[in-house]
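Below is one structure, written out as structure tokens, with a few remarks after it.
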Amino acid sequence: MNTIKKESYLRRRAKLRADMGSGLLLFLGNSEVGMNYADNTYRFRQDSSFLYFFGLDDAGLAAVIDIDEDREIVFGNELTIDDIVWTGTMPTLHERAVSYGITDTRSMSELKGYLDNARRKGQPIHFLPPYRGDHQIWLWELLGLNPKEQAVQVSTRLVKAIVSQRIYKDEEEIAIIEESVDISTRMHLAAYRKVRPGVHEAEVAAAVEEVACRGGNTLAFPTIATVQGQVLHNHGFIHELREGDIFLLDAGAETRMHYAGDLSSSMPVGRRFTERQETIYTIHLESFRAAVETLRPGVPFRDAHLAAATKICEGMKALGLMQGDPVEAAHIGAYALFFPCGLGHMMGLDVHNMENLGEEYVGYEDGQVKSKQFGFKSLRLARPLEPGFVFTVEPGIYFIPELIDKWEAEHQFTDFIRYDRLGPWRDFTGLRNELDYVITADGVRQLGTIPKPMTLEEVYAAKEG
Ligand SMILES: [Mn+2]
């Protein structure tokens, strides 16, 4: 298993201190959270920025980088005999922190006093936007700011400084991400073998997740395994697979180092797609290739999105479901009837990397405004690509009856969409493939060392295998 060296954590914190220049940086680690009662907790997941700068993967910690006093401190509590009886022992907080290059560890009870002292001195305290209710209460206790005040006083400077580091993946990180992608590919290959008429969605999901779990990994996000692919986040697993259905899987692993993989696959439930399904699948593959062909440093990801959207409009026009100029149909947003989401998103320690810090700082550059129009508003990544960016490409084609009805009733894009011909396509469902990429110095590289089936021949072969 690839890991991150201690020197890398030291370098990350040194760069953050240099970028911020002064002040006190407060990082709240995540705590255990009860699902239905306090002691029955959700799977623990450390905060990703806390992991990135401090490495410590345990609940109930906080950290301070006091730039003005030249201190890096981890706050936490040593295990009590009750902790040891119920959960076993582990190295002391000090021993654990030292392995990430931090020698100053203190009891959690000292954190508030430390921050009170900083506030008395007028030292600016920078903190990140909280995304958990217990962190909002904790910040209220520590800084005297209620959640509304926290939203206003959150440190945009700290957000931008962190984004400007975490957005570039170095070789150490890419090696780990590639492990996550390879495990994710194995998860998908299990689905190609499992999917057949009479099997239930839940059985495929179980076969997929088993691959991740057996390796000691977890899931980067809840698995989508469905014959209703037009429902974009479908976590139900309630259907039986029938001949003629399209099965859509969107699943990815998170390794012990907590970097994500994120792949999607679409396959026939039977041995082959129907002719109609093959046609849509082929349009989708062409849109995928058109998007990937644009990817290189300097090209805005929005252009890749539009290249995919244009190909979808071309294909729909050839089928008689659209009309007019496909380039125009893409640019004005008519494509979104069939492709209502974005082409892809940044990926790293979070599957949607740093979405908690604010999508506009991660996926958009300064001055680039995110559209509020249906379709474009779901484009999470639009900025010009740079070497070290890791992201997904996942165009899809979906027939969403409710959306078709709404647009038709509103006479949306009637110059481009042939509503009169969509009737027989309403029950098509949807399909998508998704792969992960890194931008290199002069181009793009697909992540992962195991090929994921993409062409019709590869898909059919994987189903036989
Ligand atoms: Mn994705």
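Numerical summary
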| quantity | calculated |
| --- | --- |
| Which numbered condition Val204 fails, given (1) touching a residue at least 40 places away in the same chain (Cβ under 8 Å); (2) assigned to a loop (DSSP other than H, G, I, E, B); (3) more than 20 Å from the chain's Cα centre (by Cα) | (2) |
| Lone qualifier among Ala329, Ala290, Ala307 - being assigned by TED's automatic domain parsing to the domain that holds His188 and in contact with a Leu (Cβ under 9 Å, 6 or more places away or on another chain) | Ala307 |
| Within the stretch 287-296, considering residues that are surrounded by 16 or more Cβ atoms within 10 Å (Cβ to Cβ) and in contact with a Gly (Cβ under 9 Å, 6 or more places away or on another chain), the one farthest from Asn433 (Cα to Cα) | Leu295 |
| Residue match in the stretch 210-219 (condition: surrounded by fewer than 18 Cβ atoms within 10 Å (Cβ to Cβ), closer than 28 Å to Phe389 by Cβ and in the same structural domain as Glu458 (by TED's automatic domain parsing)) | yes |
| Qualifying positions in the stretch 213-249 - under 14 Å from Ala191 (Cα atoms), within 16 Å of the ligand (Cβ to nearest atom) and among the aliphatic types (A, V, I, L, M) | Ile224, Ala225, Leu248, Leu249 |
| Matching residues in the stretch 73-100 - criterion: being of a type outside the set (Phe, Trp, Tyr) and in a helix (DSSP H, G or I) | Ile81, Asp82, Asp83, Ile84, Val85, Thr87, Leu93, His94, Glu95, Arg96, Ala97, Val98 |
| Tally of residues being hydroxyl-bearing (Ser, Thr, Tyr), touching a strand residue (DSSP E or B) at 6+ places or on another chain (Cβ under 7 Å) and over 18 Å from Arg166 (Cβ atoms) across the stretch 25-51 | 2 |
| So Ala382, is it at pLDDT 95 or above and over 19 Å from the mean Cα position of the chain (by Cα) | no |
| Criterion violated by Thr185 - all others in (1) in contact with a strand residue (DSSP E or B) (Cβ under 6 Å, 6 or more places away or on another chain); (2) crowded, with 23+ Cβ neighbours inside 10 Å satisfied | (1) |
| The stretch 144-172 residues that are at positive phi and not assigned by TED's automatic domain parsing to the domain that holds Leu385, paired with ones that are not basic (Lys, Arg) and not in a helix (DSSP H, G or I) (beta carbon under 6 Å, 6 or more apart) | none |
| Residue list for the stretch 250-275, restricted to those being of a type in the set (A, V, I, L, M) and either assigned to a loop (DSSP other than H, G, I, E, B) or within 12 Å of the ligand (Cβ to nearest atom) (or both) | Ala251, Met257, Ala260, Leu263, Val269 |
| Single residue of Met354, Met322 found to be aliphatic (A, V, I, L, M), more than 16 Å from the ligand (Cβ to nearest atom) and crowded, with 20+ Cβ neighbours inside 10 Å | Met322 |
| Output for the stretch 429-464, where each listed residue is crowded, with 21+ Cβ neighbours inside 10 Å, of a type in the set (A, V, I, L, M, F, W, C) and in a loop (DSSP other than H, G, I, E, B) | Leu447 |
| Members of the stretch 364-396 found to be within 23 Å of Lys311 (Cα to Cα) and within 16 Å of the ligand (Cβ to nearest atom), listed by number | Ser378, Leu379, Arg380, Leu381, Ala382, Phe391, Thr392, Val393, Glu394, Pro395, Gly396 |
| Count - residues of the stretch 19-60 that are outside any loop (DSSP other than H, G, I, E, B), of a type in the set (A, V, I, L, M, F, W, C) and under 23 Å from Leu115 (Cβ atoms) | 10 |
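The values are calculated or read from the model by the stated rules, or taken from the named source; none is laboratory data. Given the structure is predicted, the values throughout are model-derived calculations rather than measurements. Cβ sites come from the backbone with ideal geometry, for glycine too, and all protein chains shown count toward neighbours.
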